[in-house]
1. Inspect segment 396-406 for any residue being buried (at least 24 other Cβ atoms within 10 Å of the Cβ), over 33 Å from the mean Cα position of the chain (by Cα), at pLDDT 95 or above and among the small types (G, A, S) and give the result as yes or no.
2. Need pairs with beta-carbon distance below 9 Å; first residue of a type in the set (G, A, S) and within segment 317-330, second assigned to a helix (DSSP H, G or I) and buried (at least 20 other Cβ atoms within 10 Å of the Cβ); sequence gap 6+ or separate chains.
3. Filter segment 521-550 down to residues that are surrounded by fewer than 18 Cβ atoms within 10 Å (Cβ to Cβ), β-branched (V, I, T) and outside any strand (DSSP E or B), then give me how many there are.
4. I want to confirm something. Restricting to segment 581-620 and keeping residues that are among the polar types (S, T, N, Q) and not in a helix (DSSP H, G or I), which single residue is farthest from N402 (Cα to Cα)?
5. For S183, indicate whether it is modelled with pLDDT under 85, part of a helix (DSSP H, G or I), buried (at least 18 other Cβ atoms within 10 Å of the Cβ) and of a type in the set (S, T, Y).
6. Which ones in segment 419-440 are in contact with a Pro (Cβ under 8 Å, 6 or more places away or on another chain) and within 16 Å of E613 (Cβ to Cβ)?
7. Being of a type in the set (S, T, Y), closer than 29 Å to N537 by Cβ, in the same structural domain as R171 (by TED's automatic domain parsing) and touching an Asp or Glu at 6+ places or on another chain (Cβ under 9 Å), is that true of even one residue in segment 224-237?
8. Return the total of residues in segment 28-68 being surrounded by fewer than 17 Cβ atoms within 10 Å (Cβ to Cβ) and at pLDDT below 70.
Amino acid sequence: MKKERWQLAVYDTLIFAFCEFLLFLAVHHVGTKRPVGYFPVNILISFLLIMICRAVFGIYRLIWRYGGVMSYAKIIISDGIAFIISSIRLVSPTYGSMDLLCSAAVFSLDLILALSMRMAYLYAFQHAGPDTKRSRFFYKLLRIFSGGRVGQKPENSSAKKANIAILGAGRLGAGLAESLLNSPDNIFVPVCFIDSNEGKAGRNINGLPVLYESESTTEKLKQMNVDTIVFAIANIDDPLRIKLYNRYHSAGFHIKIYDHHEFDSANGKYRLREFEIEDLLFRKPIDIVGGKAEKYYNGKTVLITGAGGSIGSELARQIAKFLPKMLVLLDICENGVYDVEQELKREYGGAVDVHPEILSVCNKEGLCRLFEKYKPQIIIHAAAHKHVPLMENNSIEAIENNVFGTKTLVDVCEKYEAERFMMVSTDKAVNPTNVMGATKRMCEMIVQSASGYGKVKYSATRFGNVLGSAGSVIPLFKRQIAAGGPITITDKRIIRYFMTIPEASQLVLESGAMAQNGELFVLDMGQPVKIIDLAENIIKLSGVRNIKIVETGLRPGEKLYEELLMKTEKLSKTENNKIFIEYDQRMDKSAIDEKLAVLREACDSNSNDLAKEALKRVVPTYQSPEKVNAQALNV
């Protein structure tokens, strides 16, 4: 790389010498008299100013084969500054206006030729190859530029290329096209844009034509041998996204998606991913985490319970980006924790100190040993039994793990004076109709009560169903399609509020960073999604035909319609317009202890029915699903 930098500097020197030679001829031709030594001194000063400014702006550190607009802007700015400095020197009685004009001419011509050389190199790099007479010419030109070091085409050039059409001729689409055109070793070749703006239709961007988006566009794309459509639109209405997906997918095109989160800064390239079911949700993904979260977790010792689960493992990934002092991953299941530990070690090496621990949150002695060893400052409590039907038949275990596990963890946090305790809750805790939701509501009450008497700062965060998490509908639907169907749903009328795993994790981290004490955070989840629509969309994505959808009936404890998290007058806004706070009346410690005593007596009876009855006594909002569903149908 250093040799290439010096070679480019030599080319620039030759260009500058050529420009000065032209100036000398021009001055000599008009007969202008100059003192002895005038030309050598001014040439040296101008040359040094140009080279110093280019060095300061890192012009010789840029990789021009992938050069974009910013690269060319840098060299223009650096040479402009060099000219301004030179002009200040020339504004004196010793020099005249002719000297300033000559200097401007040299600087301008030198800049034009330097830019032209770099553009020619970029163009040659894009079109070099042994395939045609034209490409062989550029290949030879490229060898001249590189000093003969280019001996073969890029390593992926033999791979089968995919002609793509970029849907969206805006900033994102143009940036993607420029990146792909400047990287001939990738397998994607952009051949055109598609846009619904008639003003852009028929024009060219980066040398690529812009087609007007209509039903007839598919035929034009097939004539251009396009086989892949890439969505690259920053803001698109949900119905339009579904409409466009259905149009091009049904026409036989592969569909990929790109947005501003998909830039691989390590390699300087754009990653194009498959169109996933998350992209067919009836809302845009929410970008929640801000600068406050990064500053808060950086340099802290963080303990995550349930770290091997879907949410816990994503929390670990997100926090690792903030470079904590130490990351302790706790779970009762060793497989999930091991996978996360290995992933983080591969990603960060020794930059993040990761410690896996296998332990139940119900084991108070074990937790004390762990706190004594690591002294965690921030505890994120994601460990819980969450499967609704299973917990209906295992009520005692749900209470032991979810309720008493949370109480045990709170007590240990107080004993070892942790800074903050953040609990992961669920929308099913809102007017619960099942054991799982009721236990999580009881956990919320425990945490809010502790915020009144404890030294630790407490908060809880509610969110809806998480797409792609263990036990969620998407993995189930995919397995059923792979098996040839049918897809089973409990009821075609069911609607749910959904979010992705990264969204859920970001919500927990951002709300935890902004928490003061005792808050119950909720997220504006947008519009609900019908499960039947979700099933139909995933069938379309799979490309498999004749997959039937079968209703199986509501499961024990299941609601037809999930409660709207935002449906309360007790909400207050936060600095993040997607996160709100619900303030419930905090119970004192004695009231919580009485409720826990009722639950303990029921669990000791070893009766599942008595455990459910006890939950209904201690959680006043716990109702039977039959009653709630009947009320919902009568509304």
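The values are calculated or read from the model by the stated rules, or taken from the named source; none is laboratory data. Bear in mind the structure is a predicted one, so any value in this text is a computation, not a measurement. Glycine also receives a Cβ, built like all others from the backbone with ideal geometry; neighbour counts cover every protein chain displayed.
1. Among the residues of segment 396-406, at least one is buried (at least 24 other Cβ atoms within 10 Å of the Cβ), over 33 Å from the mean Cα position of the chain (by Cα), at pLDDT 95 or above and among the small types (G, A, S), which makes the answer yes.
2. From residues that are of a type in the set (G, A, S), the pairs are A320/L344.
3. The total comes to 2.
4. Within segment 581-620, the match that is farthest from N402 (Cα to Cα) is Q585.
5. Working: modelled with pLDDT under 85: yes; part of a helix (DSSP H, G or I): no; buried (at least 18 other Cβ atoms within 10 Å of the Cβ): yes; of a type in the set (S, T, Y): yes.
Judged against the criteria, S183 is not a match.
6. Of everything in segment 419-440, those that are in contact with a Pro (Cβ under 8 Å, 6 or more places away or on another chain) and within 16 Å of E613 (Cβ to Cβ) turn out to be T433, N434, A438.
7. no
8. Number of matching residues: 15.
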